[in-house]
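The structure under discussion appears below in the form of structure tokens.
The values are calculated or read from the model by the stated rules, or taken from the named source; none is laboratory data. What you see is a predicted model; the values in this text were computed from it and never measured. In this analysis, Cβ positions are derived from the backbone assuming ideal geometry, glycine residues included, and neighbour counts consider all displayed protein chains. These accessible areas exclude ligands, DNA and RNA; they are computed on the full protein's heavy atoms, side chains included. Shrake-Rupley method; radii C 1.70, N 1.55, O 1.52, S 1.80 Å.
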Amino acid sequence: MAPTYSIETLLSGPRGKIVAGIDEVGRGAWAGPVTVCAVVTDLSPPPAGLTDSKQLSAARRAALVPLLESWAHGIGYGEASHTEIDTVGMTEALRRAAHRALEALPVRPDVVILDGSHDYIGSPWPVRLEVKGDQASISVAAASVLAKERRDAYMGTIGCEEYGFGENAGYPSPVHQGALATHGPTAHHRLSWSYLDDLPQWRHLKIHRDAAVGEGQISLFG
């Protein structure tokens, strides 16, 4: 099913509240930032074929970007770097990135639709959680495409060709894992994450945060 405006219409109500859709990308990557996009629309029909970014080919996502940019009423981006993730943990990094995205919008939303089941945004915005929101909500679907394209484009510019960041965007592909085992982490890697536990020669580089903050992604080596 294609996403609709049913959630936006419900939240907007008779007073015409401004509704923003939010999605993130990069949460499960081992390198690079986490990127959040916020999108506000005027409830006009979206570009044809818009849906969850994971259901679109790379070529289709790229083609949608200029269409979404000219169609959306407002777009805001926020990021938290790999070093910020190492320092404060993923939940707080997501909160900061989401706040930056919302504050970058040209209009201030009254309510937010957030893809997922966990509210990492918090006050001052009322949040409507929507599991698979990128498949249900037009504004969240737009945010999912724009966030992924923005982060993927950035990861393709940082070099480290042997790690394949241009293809895997910092996620643990076989090429990425092989390069890590051989060369160790780059200046773009998240050093608090548990993949380093499986790399004895590089384990000394791991950053240990306070237990209340938590560690990062589970390991995929094995």
*Under 8 Å between Cβ atoms, at least 6 apart or on separate chains: pull out the pairs that start in the stretch 178-194 with a residue that is under 9 Å from H82 (Cα atoms) and end on any residue that is assigned to a helix (DSSP H, G or I) and open to solvent by 40 Å² or more (accessible area, probe 1.4 Å).*
L191/L205
*Is the stretch 91-108 home to any residue that is more than 17 Å from I75 (Cβ to Cβ) and over 17 Å from the mean Cα position of the chain (by Cα)?*
no
*Would you pick out the residues in the stretch 9-41 that are modelled with pLDDT of 95 or more and surrounded by fewer than 14 Cβ atoms within 10 Å (Cβ to Cβ)?*
T9, L10, K17
*Working only within the stretch 49-69, note down all residues that are modelled with pLDDT of 95 or more, open to solvent by 30 Å² or more (accessible area, probe 1.4 Å) and closer than 14 Å to S139 by Cα.*
L67, E69
_Failed item, numbered, when V175 is tested on (1) assigned to a loop (DSSP other than H, G, I, E, B); (2) at pLDDT 95 or above_ = (1)
*asked:* Being of a type outside the set (V, I, T), open to solvent by less than 40 Å² (accessible area, probe 1.4 Å), farther than 12 Å from V34 by Cβ and out of contact with any strand residue (DSSP E or B) (no Cβ under 9 Å at 6 or more places or on another chain): is that true of G133 here?
replied: no
